[in-house]
Every structure is written in structure tokens, then in C-alpha cells.
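Computed from the coordinates by the stated procedures, all read-outs in this text should not be read as laboratory data. Bear in mind the structure is a predicted one, so any value in this text is a computation, not a measurement. No Cβ is skipped: glycine too gets one built from the backbone with ideal geometry, and neighbour counts run over all protein chains shown.
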Amino acid sequence: MNVRDFQQQLIHYAHSIGIDKIGFASAAPFPDLKQRLLLQQQLGYASGFEEPDITKRTEPVQLLDGVQTIISIALAYPSKMKDAPQSKRGARRGIFARASWGMDYHTVLREKLAKLEAFILVHAPDAKLKSMVDTGELSDRAVAERAGIGWSAKNCSIITPEFGSYVYLGEMLTNLPFEPSVPMEDECGDCRLCLDICPTGALIEGGQLNAQRCIAFLTQTKTMVPKEFRAKIGNRVYGCDTCQTVCPKNKGKHSAHQQDFTPDPELVKPLLMPLLEHTNRTFKETYGHMSGAWRGKNPIQRNAIIALVHFKERESIPKLISILSEDPRPVMRGTAAWALGELTSTEGTEALRHQLDQEKEGLVIEEIQEALLKGEQ
């Protein structure tokens, strides 16, 4: 098999099955990335969702014997939706970040990679292959940067000339010796809009991210959201797009050709009060196909309460009282207590006092006490 000719066939096939960009990277170690990841750990900036073994993240040979090449792919996703419903009093809405619009991108990219694997094995039956999307050991962005998909930007995204940073990434390790692609030049220049506008200051100079301060990370946690970040979450129920929407390289970038990622406006801008009514079963039935559902309903419902406070939605007070007194989840009761403290009302104060006498969970007691103190000020 002529590897150079086959590489061109593979590129053509990738485009034929709807892959927007494909690039090829050397499987050499990633020493610069290793140093950055070690620093992230030392500073306490890691999210905890990543592969903990930094060696596996930076040395492809640890993942596939004889690996020579990493194939990187990118699929574009939309930045706009048609017929977006409006949020109004009595019918307030949250928002899922664009990376959760349409079908779960993990599923879509894995299907594309599986087709690529099958195509390769027809022509090279002895090829060794290992694919991954997001949750694998490798850094999708580091691979994509080396493979010439785009450059690694200050907002910690890969920016492509064609689609901006609105792309999903996946990769495949192989022992086939494909010719490496040429990496792109960094085009961020002196621009620092994403750094300056990040609501929580999570973006650090040089494209470094403190995940512990990142709203996209905070909306996925299952514990109480730290007090300093609650007001900054706004009406986001999953993820955050601020560092993408302010980026000049994303101006005018909107790709609607990947039908799998077409958003359902009612799902990605959900009504907040009905969101609080979902059981595990109904949540999975409604949102289970979206990437934003991967942590289950608990973080989403907690975030919905925070969003109701953002809107100062006093019509939600009876529901918040019900959650405070009846919900079995301490985080939900604690968040409801905080919300009632923010939406000061006579009935809310009475409910807080009553629950204080009943409550056994320390974190909820603390939130109730602070909410009552706020009401007295």
C-alpha cells in the first residue's frame, strides 16, 4: 500500500462522510503540554474531569504500541438558532451552551471515527487503531493544534479559519506512518477580549484556564455553587459561551450543515419552572440525547434555581419553599434556601425559620441562617 496515496483517499473519504476537517499529527510526546498540565495540578486549576495520569495524556506511545500518527478530526456546530423563544415574567428560561445543542457530540464523532476505522481496515487490515472523543486520555486541543486543524487560542479553544472555535474535536491513534500536517500560526495577536470579559476571571494569561472558576465547569458540579459565583452564572443551566461569543475570529461564523447539531429551541432554552419538576426518568427521556445531560438532572435543576434568582422571579417562591421543605437532596434545599434569601418575602422568611427547626444537614442550615440574616438587613 502506498501510504501517501492512501492518505489522500482517507481525506476524501472523511469529507464524504461529513467530517469538516481532518489533519495528521506526529505521535511524538507533548513535552510543553506536560509542563502546563503539571503546573495546572500544582496551582489547583484542574477540573477533576480529566484523565489524572499526565504521562498518558502526553505520551501517545503509552496508549497504543507502535503508534506513529494521530489523526485529528473536527465537526462544525451552529452558533445561532432559529425561532429562539423569549424569556418573560412567569415563563423564565435558562440556556444550554452551544456545545450541548442537538445530538450529543460524543456519539456523533464516535460514529464518524468508527467509519474511518472501518475504511482504514479495509485497506490496511493489520493497522492498529484507537479512537477517542473528549473523555479519552489525550488532549483533543493539543492534538488538533499539532495536526493543523486550527491554533490554540487564549480562550483555550481551537480556532479554525473556516468555523471559528465552534468545532468539536476527536482523534485516532494509528501505527500507520501518515505524513504530518503543517500546524497553523497563532492569530490571536494582542487581542485579549476573552480574558477581559470572562465573568469569573477563569482565563489566565497565555491561554491558561483555572477550571475551578470557569462557569462551564461550575454548572457541571454536583455540590453547592460557591457564593461568589452564583450571581455570575446568570441563566446558564449548562456551560458558558462568553469567551467564544466575544471572540473576533467567531464574528459571522455560523455553520448549520451538520443536521445532528441543529438545536431544538424549547430544549436548549428550557422553561425553568418545568425543569424543576423532572424526575430522573423524564429528564433522561427529554434531555438524554444531549451532551449537557451527562451529569444527570441534579446540577441542571440546581442551576435553574440560580437562574430564577437571576431573573428575580418572585412567582417561583412557592416552588422554592416546596423544595426547601420536601426535596431529599441537600444541595437543592440549600440552593433553595439561598434563593429565598435573595427573593425576600414574608412567606419565604417563615419557611426558612420553620425549616431551620427541622433541618439536619449542616450545609443547608448554614444557607438558611445566612438567608435569614440577609432578610434582617
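Some values worked out for this structure:
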item: Residues 176, 271, 129, sorted so that the one with the fewest Cβ neighbours within 10 Å comes first; result: 271, 129, 176
item: Backbone N within region 205-219 under 11 Å of label point (7 Å from residue 186 Cα along the Cβ vector); result: 205-208
item: Simple spin-label estimate for residue 106 and residue 124 in nanometres, 7 Å along Cα-Cβ; result: 2.8 nm
item: DSSP beta bridges in the chain [antiparallel fraction, %, rounded to 5]; result: 95 percent
item: Added length on full extension, which subtracts the Cα-Cα distance from 0.36 nm per residue, residue 349 to residue 289; result: 17.7 nm
item: Acute angle (nearest 10 degrees) that the helix 3-16 long axis makes with the longest principal axis of the chain, alpha-carbon atoms; result: 40 degrees
item: Folded to 0 to 90 degrees: helix 317-326 orientation relative to the chain principal axis, Cα; result: 80 degrees
item: Label-point gap, in nm, between residue 2 and residue 80 - each point 7 angstrom along Cα→Cβ; result: 4.5 nm
item: On Cα atoms only, tilt of 330-342 relative to the major axis of the chain in degrees; result: 60 degrees
item: Spacing of the two label points (7 Å from each Cα toward its C-beta) at residue 135 and residue 51, in nm; result: 1.4 nm
item: Residue (of 244, 221, 150) at the positive-pole extreme of the chain, dipole from beta-carbon charges; result: 244
item: Amide N proximity, region 86-119 versus residue 266 label position 7 Å along Cα-to-Cβ, cut-off under 18 Å; result: 86-88, 91-96, 101-103
item: GNM top mover of 280, 175, 298 - the chain, alpha-carbon springs below 10 Å; result: 280
item: Where trypsin sites (Lys or Arg not before Pro) in DSSP loops with at most 15 other Cβ within 10 Å are excluded, longest remaining stretch of the chain; result: 1-79
item: Those Cys residues of the chain for which no other cysteine Cβ falls under 4.7 Å; result: 156, 188, 191, 198, 214, 240, 247
item: Prolate/oblate/rounded call for the chain, Cα gyration tensor, a/c under 1.5 rounded; result: prolate
